[in-house]
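Here's the structure we're looking at; comments come further down.
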Amino acid sequence: MDLTQWLVTIGGLALAGAVLWYFFAPVAGEGASVGRAAPVAAGAPQSVDVVVEGGYSPATIALAAGQPTRLNFTRQEDSDCSAELLIPDFHIRRELPAFQTTTIELPAAPAGTYPFTCGMGMLKGRLVVT
Amino acid sequence: MTSPEPAPTPTTTATLPIEGMTCASCANFVQRALTKTPGVRTASVNYATEKATVEFDPAAVSPAGLRAAVEGAGYGVGPEPAAPPAQSGGAAQPAAEAADTTDARKAAAYAALRRRFWVAAALTAVVMPLSMLAMTDWAMARVPMAALNWLLLVLTLPVLLYSGRSFFVAAWKTFRHRTATMDTLVAVGTGAAFLYSLLATVAPGWLTRRGVPADVYYDTTATIITLILLGKLLEARAKARTGEAIKKLVGLGAKTARVVRPDGSEVEVAIGQLQIGDEVAVRPGEKIATDGVVLTGASAVNEAMLTGESLPVEKSAGDEVFGATLNTTGALRFRVTKVGADTLLASIVRLVEDAQGSRAPIQRLADRVSGIFVPVVVVIAVLAFVAWFDLSPAGQRLPMALQAFVAVLIIACPCALGLATPTAIMVGTGRAAARGILIRSAESLERAYAVNTVLLDKTGTLTKGEPAVTDFSPLPGQDGAHLLALAAAVERHSEHPLAQAVVRYAEATATPRLDAAVADFQAHTGRGAGATVAGQAVLIGSERLLTEAGVTIPPAVRAATDRLRADARTVLLLAVDGQPVGVFGVADVVRDSSAEAVARLHQMGLDVVMLPGDNATTAAAIARQVGITRTFADALPADKAGKVAELQAEGRIVAMVGDGLNDAPALARADVGLAVGTGTDVAAEAAGITLLRGEVGGVAEAIDLSRRTMRVIRQNLFFAFIYNALGIPIAAGVLYPVTGWLLSPMIAAAAMALSSVSVLTNSLRLRGNA
């Protein structure tokens, strides 16, 4: 192997490692991107806005247990990948029209973590109910 | 937009469109300004949606005060957006309108996609032959390569920047979220091929000086984008059809109703304005607007769109009617009992949507794979690049490595994996709903697939559920027609189902009516009835009724009653002026379709077992008629769940067919519960599947459809896994040392475009009949 080959090999392996790290390493400081529902009176729906653009912002949504929830998903793109939203625990599969806000109403849920994803499970977010 | 909350506290929530925010810290600033305003309880400002949600005490601060607070902070409040459609009232109606606008938007998106495809296709049609021409010796000798490369660059740029732009934009956006999707693969694959070509065009000398051929891959770039757009186009078309069934259901709802005013006049109102308690008139040929109870009139109503039952159902005063069904022959007036989201149609739509949103357990592996799929493919592509770079001959190392790198990225198809299960479930549950079979979730579908034993509860599913006279024997020397007329005259005054059976029998045999001559009618609860008809004392009822009235039962009558009881008939005795004169045999009759349906279940390899209900002899007789060989001899109605468990203990996977309300424990205990209901109990929680047609034929159909859906899912998943498991290594070049195959990225793009379309097309097969 000549020098170029050594450089390409080392560079390639480093790149592969970087890809794995970038996409799979647990994200530090995740707490910073937590969306929290404004507190509301008992029984009234709590409401959170989520922007859908290559992912969900915020991706972690803190909710109060025992209260119905309104999630307002605003899809700011027309890539097919984010066209569908799944919240499997609530049996929800909903289309999110591009450049529009889609409101999803959830019944009051017990404490727990409920993931939500795009139609193919690549974009991820979660509802943390406490 | 202000909307009072139904909360016990006297606060109001308002959403204000905020203008002038340029960054996230602006949002914080506005939020602080609002929160500090007296009377505001909470405020949250979203930078992305440019909206502030404020909860405030309307007694302390007005919406104008909120506006002032925002403006005081240096921002503006925009005009209020139009109010969204009201949640209450005719929910099916706004849903239909929403579906219309969604359709329009989808059509626009589809048109845009098609435009992008055609631009790409047209340019590729020029780029491809030019690139091939450039490789011929004839062209190499005559055409200056540099000029040709510049021409190809100019032709490829629009493909990349117009047709393919969305891949790059989406890939960048997901990258920032530390996720990767199909867009990532396309963007990196085409981007790599394009950037190398760009370098070879702009600075060919820089490459050749380093011993690298200054080849261009514009044809690869353009072809990949064109083929993937073609795949998306086909996919969008097929996908739209997977949701057709539910769209059809939503579209069934009536748009207007003819309400009868107290003064008797009729006015046409929009469906959303209909109130519970309104009286609605329906003419022949009109759609019934919503759910209600018939007040006057008689007609046959076609309910096929909801229940799948092809024969029209007779309706008269007191019967339930359902919105979206079609009135055929007569005029009806009905009282509205349900509107909007509470109607049967709305519950069906909700149930089907719910099922389509559920995930099948079989999908779990595919989900786990697609979650990590794209980054893993990128790593494989990088490793393939390195391997080819290290192992190829010096002059060929970069082109070979690049080709493998791009081919791996492009052939990988996470979409086929992601579409395999949900599309089949959407088509399967939609098809089922159109046949009056409501499947609660993908999981029930998956469990129905494995069923090998069907436990039937006799009543309702196999029989018509109403008794009918099967035998009438007058004693020798009596005038049968006259006796029947006497009996019917008495029974017409009784509400009892057995009495109604006698009346129907008399009417069916065109017996003359003696109604005017009836006097002194008396009902003897649990035993029968009596009256004086045309001066004759008539008694009809059980043996006990006659004995108590002092009538002696002669041996000939006793022999007749014993014979009927042995045949599982209920016996009614008729006495006139204190003398027994005739015997009726009454039984619940078997539906014509039951034997055929049971035979079909047997044919499907299912064991059919029957629960006897409260009369073992009757049950045995019915079982004989429909061809069921196994019945439980001694089950009490309360012990149905126990019988389900007993069958499960034999290692069977049991589908219990029963009444949604009364058999809930047994339905829940079974591996799959099939509730036979007529509309009202659609939401029976215990059942995984609800049959809107009250007959056993639906059971066979439901199980058959589950089996076909699961078969399609398995085929799809197998195909998607195999496709990727074979495609990716071949694209990486593992076959090269053996066969010399190295996949062209263009072939990879074609394969990828076809793979997700194949999965979709396979799912769409479920729309047809078996």
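How far is it, in nm, from the label point at B:GLU507 to the one at B:ARG237 when both lie 7 Å from their Cα along the line to the Cβ? Using points 7 Å along Cα→Cβ, the separation is 5.5 nm. Under 15 Å of direct C-alpha separation, and excluding same-chain neighbours fewer than eight residues apart, B:LYS643 reaches these aspartates and glutamates: B:ASP457, B:ASP607, B:ASP614, B:ASP634, B:ASP663, B:ASP671. Computed over neighbours whose Cβ is under 11 Å from that of A:GLU84, the net charge equals +2, Lys and Arg +1, Asp and Glu -1. For the range B:374-453, list log₁₀ I(q)/I(0) at each q in 0.13, 0.15, 0.16 Å⁻¹, using the Debye formula over Cα point scatterers of equal strength and ignoring solvent, two decimals each. Treating every Cα as an identical point scatterer, log10 I(q)/I(0) equals -0.60, -0.65, -0.69.
Local charge for B:GLY697 was computed over the other residues whose Cβ lies under 12 Å away, with Lys and Arg +1 and Asp and Glu -1, and equals -2. Using the charge dipole of chain A (Lys, Arg: +1 at Cβ; Asp, Glu: -1 at Cβ; taken about the Cα centre), state which of A:GLY55, A:ILE104, A:ALA37 has its Cα farthest towards the positive end. So the residue furthest toward the plus end is A:ALA37.
In plain terms, the chain from B:ASP515 to B:ARG165 could stretch by 117.6 nm, reckoned as 0.36 nm per residue minus the Cα-Cα distance.
Relative to the dominant Cα principal axis of chain B, helix B:145-158 is inclined by about 30°. With a cut-off of 13 Å between beta carbons, the residues surrounding B:ALA254 carry a summed charge of +1, where Lys and Arg count +1 and Asp and Glu -1. Here the relative contact order of chain B, from alpha carbon pairs under 8 Å that lie six or more residues apart, stands at 12 percent. Entry for the range B:193-310 at q = 0.10 Å⁻¹: log10 I(q)/I(0) = -0.57, Debye formula applied to identical alpha-carbon scatterers, no solvent contribution.
Between B:PHE721 and B:ARG67, what FRET efficiency follows from the Cβ-Cβ distance if R0 is 56 Å, with the result rounded to 0.05? It comes to 0.45.
Between rounded, prolate and oblate, where does the range B:262-349 land on the alpha carbon gyration tensor, with a ≥ b ≥ c its root eigenvalues, rounded for a/c under 1.5, else prolate if a/b exceeds b/c? Note, shape of the range B:262-349 comes out oblate. Taken about its Cα centre, the range B:418-511 carries a charge dipole of about 480 debye when Lys and Arg each add +1 at the Cβ and Asp and Glu each add -1 at the Cβ.
Over the range A:36-130, Cα pairs under 8 Å with separation of 6+ residues give a relative contact order of 30 percent. Each stretch of four or more DSSP H residues adds -39500 (n - 2.57); spread over every residue of chain B, this sum gives -16500 deg cm²/dmol at 222 nm.
For chain B, the longest piece that avoids every one of the GluC sites (Glu not before Pro) found in DSSP loops with at most 13 other C-beta atoms within 10 Å covers B:1-494. Would you mind checking the tilt of helix B:480-491 against the longest principal axis of the Cα atoms of chain B, expressed as 0 to 90 degrees and rounded to 10? That helix lies at roughly 70 degrees to the long axis.
Per the Debye calculation on the range B:702-752 with a single equal scatterer at every Cα and no solvent contribution, log₁₀ I(q)/I(0) for q = 0.14, 0.23, 0.28, 0.32 Å⁻¹ amounts to -0.50, -0.83, -1.00, -1.10.
Among the aspartates and glutamates, which fall within straight-line cross-link reach of B:LYS315, defined as a Cα-Cα distance under 15 Å, with same-chain neighbours fewer than 8 residues apart omitted? Here the aspartates and glutamates satisfying the reach criterion relative to B:LYS315 are B:GLU286, B:ASP291, B:GLU303.
Using Cβ point charges alone (K and R +1, D and E -1), the dipole size of chain B about the Cα centre works out to roughly 3340 debye. Legend: translational diffusion of chain B by Stokes-Einstein, Rh = Kirkwood radius over C-alpha pairs, 4 °C, 1.567 mPa s; D = 40 µm²/s.
In this calculation the C-beta distance from B:ALA112 to B:ARG630 is compared with R0 = 60 Å, giving a FRET efficiency of 0.45. Below 27 Å, Cα to Cα, which lysines can B:LYS247 reach? Residues fewer than 8 away in the same chain don't count. The qualifying lysines are B:LYS106, B:LYS232, B:LYS239, B:LYS255, B:LYS287, B:LYS338. Counting Cα-Cα pairs of the protein assembly as shown in 10 Å increments starting at 0 gives whole-percent bin shares of 2, 10, 15, 17, 17, 14, 10, 7, 4, 2, 1, 1, 0. Shown is the FRET efficiency for B:TRP150 and A:GLN5, computed with R0 = 56 Å from the Cβ-Cβ distance and rounded to the nearest 0.05: 0.95.
With respect to chain B, whose longest principal axis is taken over its alpha-carbon atoms, helix B:218-242 is tilted by about 10°.
Readers should treat all values here as calculations from the given coordinates under stated rules, not as data from a laboratory. Please read these numbers as outputs of a predicted model, since none were measured by experiment. Every residue, glycine as well, gets a Cβ built from its backbone with ideal geometry; the counts of neighbours run over all protein chains shown.
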